[in-house]
1. Among the residues of region 1-27, write down those that are polar (S, T, N, Q) and modelled with pLDDT of 85 or more.
2. From the list A102, A106, which one is among the aliphatic types (A, V, I, L, M), surrounded by 12 or more Cβ atoms within 10 Å (Cβ to Cβ) and either without any contact (Cβ under 8 Å) to a residue 12 or more places away in the chain or at positive phi (or both)?
3. Please state which one of S15, S57 is crowded, with 16+ Cβ neighbours inside 10 Å and either touching a strand residue (DSSP E or B) at 6+ places or on another chain (Cβ under 6 Å) or in a helix (DSSP H, G or I) (or both).
4. Quick one: count up the residues across region 52-72 that are of a type outside the set (S, T, Y) and touching a helix residue (DSSP H, G or I) at 6+ places or on another chain (Cβ under 6 Å).
5. V37 - would you say it is of a type in the set (A, V, I, L, M, F, W, C), out of contact with any Leu (no Cβ under 9 Å at 6 or more places or on another chain) and either buried (at least 16 other Cβ atoms within 10 Å of the Cβ) or outside any helix (DSSP H, G or I) (or both)?
6. Could you please find all residues in region 24-63 being touching a residue at least 24 places away in the same chain (Cβ under 8 Å) and of a type in the set (S, T, Y)?
Amino acid sequence: MFARMESTSDDDLISSIAPDVMRCLAQVGFFEKLDGVLSPNDDSQQREGCHGDYRISESVLLASGIPETDLDDIFGVLRAKGGYRDCEILYNVAESSRLKAAYWRARAEGPDGSIRHSDR
């Protein structure tokens, strides 16, 4: 029973900090920077694939001046919003992204037009 209470407490904490975390992420341009790595605006830049974790997000956040001690809270909020890995942050959490737009554009083209969004 204690584990259940702890889980509820964690959920309550995540819910209470989510609006402020999202505001901080927007202030540093996190979603745009992450999109720039996974779906560069310029075709001359190398596109990095999703590795199924937060390694790209972590490097973007740290390079943006976010303290490492804040990462657990940030990733807790992103998970609560459906962002369980870098690409899912852009698909499920970001309001819009080039990665999400390219995915749906390819889906609309049919089975031969589908794109891989992960290197797994």
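1. Narrowing region 1-27 to residues polar (S, T, N, Q): 7-9, 15-16, 27.
Across region 1-27, the qualifying residues are S15, S16, Q27.
2. A106
3. Working: S15 fails: crowded, with 16+ Cβ neighbours inside 10 Å.
Just a single option satisfies the conditions, and that option is S57.
4. Qualifying residue count, region 52-72: 2.
5. yes
6. Once the filter is applied, which keeps residues that are touching a residue at least 24 places away in the same chain (Cβ under 8 Å) and of a type in the set (S, T, Y), region 24-63 yields S39, Y54, S57.
The values are calculated or read from the model by the stated rules, or taken from the named source; none is laboratory data. A quick note: this is a predicted structure, and the numbers were derived from the prediction, not measured. Methodologically, a virtual Cβ is constructed for each residue, glycine included, from the backbone with ideal geometry; neighbour enumeration extends over all protein chains shown.
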